[in-house]
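A.B. asks: Encoded as structure tokens, here's the structure I'll be asking about.
The values are calculated or read from the model by the stated rules, or taken from the named source; none is laboratory data. Model, not experiment: these values are computed from the prediction. All Cβ positions, even for glycine, are placed from backbone atoms using ideal geometry, and neighbour counts span all protein chains on display. Surface areas here come from the heavy atoms of the whole protein model, side chains and all, with no ligands, DNA or RNA. Shrake-Rupley method; radii C 1.70, N 1.55, O 1.52, S 1.80 Å.
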Amino acid sequence: MIKKCISGLLVSLTLVTYSAVTPVSAQVIAGTGTAITESKTSSIVVKINDKAIILDPKPYVNSNSKVMMPLIPILKQIRSDAVLQVKDGNITIKGSNLNVTFKSGDEKVTANGKAITLSTIPIINYGQVFVPLEFFSEAFNELVDWDSTTQIVKISDMKKNTEDSFNKQLVYTNDKIIAAKLNDYLTALQKSDNFHGSVLVAKDGNILLNRGYGMANFEQNIKNTSQTRFLIGSMTKQFTAMAIMQLEQKGLLSEQDKLSKYVPDFPHGDEITIYNLLTHTSGIKSLNEIPGFLNMKPEDLQNINTAINFFKNQPLDFKPGTQFEYSNSGYLLLGYIVEKVSGMNYESYLNKNIFKPLNMNDTGIGYIGKEKMYNSSGYQGYLDVTPISDEIIVDGVHGAGNLYSTTEDLYRWNMALDTEKLVSKKTMDKMFSKYVEMAKGSGIYYGYGWMIADGDNGHEVFHGGNILGFTSNIARYTDKGLSIIILTNSGYYTINPLTYTLSNIALGNSYSMPKAKNVIKLHNSVLNKYTGKYKSKDMGNISITNEDGHLYYLADGANQKYELFAESQDKFFMRTLYGDTTFDKNSNGQITGITINMPGYGMQYHGDKIN
């Protein structure tokens, strides 16, 4: 969603302000009778199936930042038929189709015959049983979320999908083989590259894969599922475009309407049409590229008029209709037009006219006030990750990128696009038409909220979303009956290559399995060649140092350095950033520069060695 050219911001976020966070190991705490001295007990709010409840005893955050929950009162809410027994530190929970056993002070749990190892041990404290938050997702298959900023715990039941498409069993042997290959690939990717997200792949009306991988919350050890909610960034645009086309089909607006009809005081509003906004040919500068955007207050930007006022007086980047330039401002304005024409706020319109008719009950606006409505945490990084907030961006961009969803809900949307449930086929064809080539010679065109291309695997209609902590993509290979939906809680993930690989697997084409990075040990004499100062116009000055046989990267003005791990004599990688760092040599073998490649951001930076 944020355009690739905001290089200074992204470099600072990825290379300067990082503080790596890795999943926490299981903690060891003495078993019984210890008074709870941890802080943050009274401020924690607990919601079960969206209803706030009062717990006695209260949950708390322990010394390892794990959220500990009182088991008995939660159990009454989520499994009212369950009976809990405690004897000599042994806990047994029995109920309808339920048999869970574990011990105080032991991280091992058995749930209906399945062995589970928690990252934090359950404890009995003065007769009360406390379990880590992850216990409810692991032992009871509940959807769980913890927002450390607002101190809100959410626990909700997994939904039973009633549609035939979700309950249809695979019949053909080839479908089963492909399904296994898809899962094997993503499981290997989780292991080698720390992939974390949810993926749904369907072909010819059959769901081949519908699973979560990795962690929705690393700090609390909560796994992703097929119903985990993710921010979807610019995938929001296809819903905004659909809303506009529904209103157009009803005769309430026209694609050729001038912007001035809806925002009378907008500069050049008489030159800009709804069509220009839909196709990114308006020339309006994208608000997220304007200095000061990230310094705004989220609560201010939640007011769409404030967001419009932030960018409306900026000069146009080009004459409307003459070029393509991706603009979040344009789709924010389209969301505003939806509200003006329909007389409803943006979320209410989408709920009534798109989400509810399609049974998309896990899709909506990312934030209501300060409360986040999705149940995953956003991260930046690679093998090591750090949490990051997208609140300012989500609140600020409105109809350009403020929605969350699940892979299952997006599959409901995907299926509806082959019907006339939302608009007529004629209107749908308008949305999927090739209006403007996004870059000369690229072969990728923009429609209305969708990108269109003809590639190796056929006609593809797709759109992704990139924000600081989340990446998303939906790809529809319409002449192959193939749909791929990927949602990740990893910012600026290299999602297009993954989509392409999964399409190759689904279509029976060749592909390569993921491989973990191969770290080699280089002699000090080799490492010393790379040390020194480098100067880059994009990244500023960089220092490369060798400390006890380990090579480190440090940007001027930063407080933290990052280790470079050698894959070969001249190629290195960081655990905190997906990409590679190479050192340039002249004909004499002397090091002359450094190049940092970040494919997730579509960026490559070079620096010259200056000493």
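A.B. asks: State the number of residues belonging to region 251-277 that are buried (at least 21 other Cβ atoms within 10 Å of the Cβ), assigned to a helix (DSSP H, G or I) and either touching a Lys or Arg at 6+ places or on another chain (Cβ under 9 Å) or small (G, A, S) (or both).
C.D. replies: 1
A.B. asks: Now, a different point. Please go through (1) closer than 30 Å to G214 by Cβ; (2) in a helix (DSSP H, G or I) for T306 and return the number of the only condition it doesn't satisfy.
C.D. replies: Going through the list (1) closer than 30 Å to G214 by Cβ; (2) in a helix (DSSP H, G or I), T306 breaks only (1).
A.B. asks: Starting from region 190-210, keep only residues that are more than 28 Å from P387 (Cα to Cα), then list their pairs with residues that are of a type in the set (G, A, S) and not in a strand (DSSP E or B) whose Cβ atoms are within a distance under 7 Å, requiring at least 6 positions of separation or different chains.
C.D. replies: K203/G481; K203/A506; D204/G481; G205/S165; I207/S165; L208/A179; L208/A506
A.B. asks: Considering only residues that are in contact with a helix residue (DSSP H, G or I) (Cβ under 8 Å, 6 or more places away or on another chain), closer than 26 Å to M431 by Cβ and aromatic (F, W, Y), which ones fall in region 246-301?
C.D. replies: Hits for region 246-301 are Y262, F266.
A.B. asks: On to the next question. Kindly indicate which of L143, L189 is under 30 Å from K372 (Cβ atoms), in the same structural domain as M68 (by the TED database) and of a type in the set (A, V, I, L, M).
C.D. replies: L143
A.B. asks: It is to be established whether one or more residues within region 430-443 are in a strand (DSSP E or B) and either under 26 Å from M245 (Cα atoms) or not assigned by the TED database to the domain that holds S137 (or both).
C.D. replies: Yes, region 430-443 has at least one match.
A.B. asks: Sort out which residues of region 373-425 are among the β-branched types (V, I, T) and either under 18 Å from K223 (Cα atoms) or within 17 Å of the chain's Cα centre (by Cα) (or both), and write them in order of number.
C.D. replies: Correct list: V385, T386, I388, I392, I393, V394, V397, T406, T407.
A.B. asks: Being under 30 Å from K480 (Cα atoms) and open to solvent by 60 Å² or more (accessible area, probe 1.4 Å) is true for just one of G557, G508. Which residue is that?
C.D. replies: Result: G508 is the single residue among G557, G508 that is under 30 Å from K480 (Cα atoms) and open to solvent by 60 Å² or more (accessible area, probe 1.4 Å).
A.B. asks: Applying the selection to region 187-240, what residues are basic (K, R) and more than 20 Å from N504 (Cα to Cα)?
C.D. replies: K191, K223, R229, K237 - these are the residues of region 187-240 that are basic (K, R) and more than 20 Å from N504 (Cα to Cα).
A.B. asks: Then there is this: Scanning for something within 19 Å of N345 (Cα to Cα), open to solvent by 10 Å² or more (accessible area, probe 1.4 Å) and at pLDDT 95 or above, does region 374-395 turn up at least one residue?
C.D. replies: No: zero hits.
A.B. asks: With region 375-422 as the region, which strands (runs of 3 or more DSSP E) entirely inside it contain at least 1 residues that are within 21 Å of N167 (Cα to Cα) and assigned by the TED database to the domain that holds V338?
C.D. replies: In region 375-422, the matching strands (runs of 3 or more DSSP E) lie at 403-405.
A.B. asks: Limited to region 468-479, what total is found for residues that are in contact with a Leu (Cβ under 6 Å, 6 or more places away or on another chain) and assigned to a loop (DSSP other than H, G, I, E, B)?
C.D. replies: 1
A.B. asks: Where residues in region 129-145 are open to solvent by 20 Å² or more (accessible area, probe 1.4 Å) and under 23 Å from T363 (Cβ atoms), which of them is farthest from the chain's Cα centre (by Cα)?
C.D. replies: Taking the candidates together, the pick is N141.
A.B. asks: Report, ordered by the first and then the second residue, all pairs with beta carbons closer than 8 Å, sequence separation of six or more or different chains, a first member in region 166-179 that is surrounded by 10 or more Cβ atoms within 10 Å (Cβ to Cβ), and a second member that is assigned to a helix (DSSP H, G or I).
C.D. replies: Cβ pairs passing all conditions: F166/E408; L170/K176; L170/A179; I178/I505; I178/A506.
A.B. asks: Can you tell me which residues in region 575-594 are over 15 Å from S543 (Cβ atoms) and surrounded by 15 or more Cβ atoms within 10 Å (Cβ to Cβ)?
C.D. replies: Within region 575-594, R575, T576, L577, Y578, G579, D580, T582, D584 qualify.
A.B. asks: Does M513 fit the bill of being open to solvent by 10 Å² or more (accessible area, probe 1.4 Å) and either closer than 30 Å to E567 by Cβ or in contact (Cβ under 8 Å) with a residue 40 or more places away in the chain (or both)?
C.D. replies: In short, yes.
A.B. asks: Looking only at region 409-437, count every residue that is touching a Phe, Trp or Tyr at 6+ places or on another chain (Cβ under 6 Å) and of a type in the set (D, E) and tell me the total.
C.D. replies: Adding up the residues that qualify gives 1.
A.B. asks: Scan region 325-343 and tell me whether some residue there is in contact with a helix residue (DSSP H, G or I) (Cβ under 8 Å, 6 or more places away or on another chain), within 24 Å of W146 (Cα to Cα) and assigned by the TED database to the domain that holds P264.
C.D. replies: no
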